[in-house]
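The values are calculated or read from the model by the stated rules, or taken from the named source; none is laboratory data. All of these numbers come straight from a predicted model, not from anything done at the bench. For neighbour counting, all protein chains shown are included, and Cβ atoms are generated from backbone atoms with ideal geometry for every residue, glycine included.
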Amino acid sequence: QLPERVKIVEVGPRDGLQSEVAISLNDKISLVNMLSHTGLSMIESGSFVSPKWIPQMANSGELFRRIKRTKGVTYSALTPNLIGLNAAIAANVDEIAIFGSASESFSRKNINCSITDSLRQFSPVVKQALAAGLPVRGYISCTLGCPYEGYISINKVAKVAQQLQQMGCYQISLGDTVGVGTPEATKAMINAVSQYVSVDKLAVHFHDTYGQALANIYAALQLGVSVIDSAVAGLGGCPYAQGASGNVASEDVVYMLNGLGIESGVDLSELIAVGNFISERLKRSNGSKVAQAYPAA
Ligand code: HMG
Ligand code: MG
């Protein structure tokens, strides 16, 4: 039973740009402002993390202060700790996300602590965010495999999801960080998680490294998942790592949803125009297949 309506969470300005070559703040602001007019209802626009770890996101506060906010659009950001949360609140962020992992090794590489310690550190962040009126989304990385450990147990994913929900996250986004998952593995993982967190509280977040993202999204839709993370132009992926690629392209997701008769509220041709704009600024080819095939305006 496919959902009638799907919410797309556009993560290009954050997940995409965090691993692209740095572009000017003005170009980032233009990207968020343009995305705001495509019908998207949520744009993850930056992150409040250590600038030593992710220099591309260092000006997120400035970005949030300068974007033109569109009514009905939620502008969210990642915050790993209280320093990040306070900076996000000061910049008037609408919603935050914390980001845990189902892989010990990835947790240490990404946020410099174990899974258990990360959950301990997230707890006050969630508490204070909720007290400040900010909804909190929870990410889990490496839900279908880890770049360092390979196989990840779906029970581990389910347990982390349960803990993030108990902490107060209204939604859990299941990340295939390295894009290794395939459709039946996706279904098995979602079924395991849904023992603890109901499907209407789940989102999926696929990177397209192995070209499996759309197939995996379709598998998730069949289980009733109705929130999909994606990045315009398939932004992301390290230009220095062979084969690495970004999130599934938002344009490709919208095209598939249109074909399935599932409403997303997003205008495909406007989205394609935004993807072409940012690809040109990044001096890279557009990572969306649909954008490449679409007749030029
Ligand atoms: P650390 O070095 O262990 O922490 O980093 P620390 O607390 O010892 O702090 C070190 C320095 O960073 C200090 O400054 C802090 O003040 C500063 P110093 O005294 O050295 O000058 N600092 C901060 N500065 C700004 N904002 C902050 C902040 N926190 C500390 N919030 C930390 C720990 C978590 C901060 C670090 O590891 C970090 O920032 N990691 C973020 C990594 C990241 O952003 N990764 C990408 C996002 S996750 C992702 O992409 C996956 C996802 O898309 C899902 C999927 O695909 O699966 C979500
Ligand atoms: Mg990601």
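Is there any pair with a first residue in segment 263-286 that is at pLDDT 95 or above and among the acidic types (Asp, Glu) and a second that is assigned to a loop (DSSP other than H, G, I, E, B) and buried (at least 20 other Cβ atoms within 10 Å of the Cβ) whose Cβ atoms are under 7 Å apart and which are 6 or more apart or on different chains, and what are they?
From segment 263-286, the pairs are Asp267/Thr38; Glu270/Thr38.
With the checklist (1) over 22 Å from Ser230 (Cα atoms); (2) within 13 Å of ligand 1 (Cβ to nearest atom); (3) not in a helix (DSSP H, G or I) in hand, flag the one item Asn86 doesn't pass.
It fails just one condition, (3).
Residue by residue through segment 1-26, note down the ones that are within 16 Å of ligand 2 (Cβ to nearest atom), in a loop (DSSP other than H, G, I, E, B) and in contact with a helix residue (DSSP H, G or I) (Cβ under 7 Å, 6 or more places away or on another chain).
Across segment 1-26, the qualifying residue is only Glu20.
What is the residue count in segment 50-73 for residues that are surrounded by fewer than 13 Cβ atoms within 10 Å (Cβ to Cβ) and under 17 Å from Glu20 (Cα atoms)?
Number satisfying all stated conditions: 3.
For segment 160-187: of the residues being within 16 Å of ligand 2 (Cβ to nearest atom) and not hydrophobic (A, V, I, L, M, F, W, C), which is nearest to Asp200 (Cα to Cα)?
Of everything passing the filter in segment 160-187, Gln171 is nearest to Asp200 (Cα to Cα).
Can you report the number of residues in segment 160-207 which are surrounded by fewer than 18 Cβ atoms within 10 Å (Cβ to Cβ), in a helix (DSSP H, G or I) and among the β-branched types (Val, Ile, Thr)?
Total satisfying the criteria: 1.
Which pairs do you get when a residue that is surrounded by 17 or more Cβ atoms within 10 Å (Cβ to Cβ), found in segment 6-35, comes within reach of a residue that is aromatic (Phe, Trp, Tyr), reach meaning Cβ atoms under 8 angstrom, with the pair 6+ apart or on two chains?
The qualifying pairs are Ser30/Phe277; Leu31/Phe277; Val32/Tyr75; Met34/Phe277.
Residues of segment 36-47 being within 15 Å of the chain's Cα centre (by Cα) and away from ligand 2 (no atom under 16 Å from the Cβ), which ones?
If the condition is that a residue be within 15 Å of the chain's Cα centre (by Cα) and away from ligand 2 (no atom under 16 Å from the Cβ), then Leu40, Ser41 are the ones that fit.
Hey, Gly72 hits all of (1) free of Cβ contacts under 8 Å to residues at least 24 places away in the same chain; (2) more than 30 Å from Leu144 (Cα to Cα) but one; which does it fall short on?
With respect to (1) free of Cβ contacts under 8 Å to residues at least 24 places away in the same chain; (2) more than 30 Å from Leu144 (Cα to Cα), Gly72 is out only on (1).
Within the bounds of segment 107-126, is there any residue that is touching a residue at least 60 places away in the same chain (Cβ under 8 Å) and more than 10 Å from ligand 1 (Cβ to nearest atom)?
no
Trp53 versus (1) farther than 19 Å from Gln128 by Cα; (2) not in a loop (DSSP other than H, G, I, E, B): which is the lone unmet condition?
(2)
Of all residues in segment 135-159, which are away from ligand 2 (no atom under 13 Å from the Cβ) and touching a helix residue (DSSP H, G or I) at 6+ places or on another chain (Cβ under 7 Å)?
Val136, Gly138, Cys146, Tyr148, Glu149, Ile154, Asn155, Val157, Ala158
Provide a single number: the residues in segment 205-234 that are more than 14 Å from Leu260 (Cβ to Cβ), of a type in the set (A, V, I, L, M, F, W, C) and away from ligand 1 (no atom under 16 Å from the Cβ).
Going through segment 205-234 one residue at a time, the tally reaches 2.
Name every residue in segment 36-49 that is buried (at least 24 other Cβ atoms within 10 Å of the Cβ), more than 11 Å from ligand 1 (Cβ to nearest atom) and without any contact (Cβ under 8 Å) to a residue 60 or more places away in the chain, in order of residue number.
Correct list: Ile43, Ser45.
Evaluate segment 146-154: report whether one residue or more is in contact (Cβ under 8 Å) with a residue 40 or more places away in the chain, of a type in the set (A, V, I, L, M), outside any helix (DSSP H, G or I) and buried (at least 18 other Cβ atoms within 10 Å of the Cβ).
Yes, the conditions are met somewhere in segment 146-154.
Could we say that Gly246 is in contact (Cβ under 8 Å) with a residue 40 or more places away in the chain, within 16 Å of ligand 1 (Cβ to nearest atom), on the phi > 0 side of the Ramachandran plot and of a type outside the set (Asp, Glu) here?
No.
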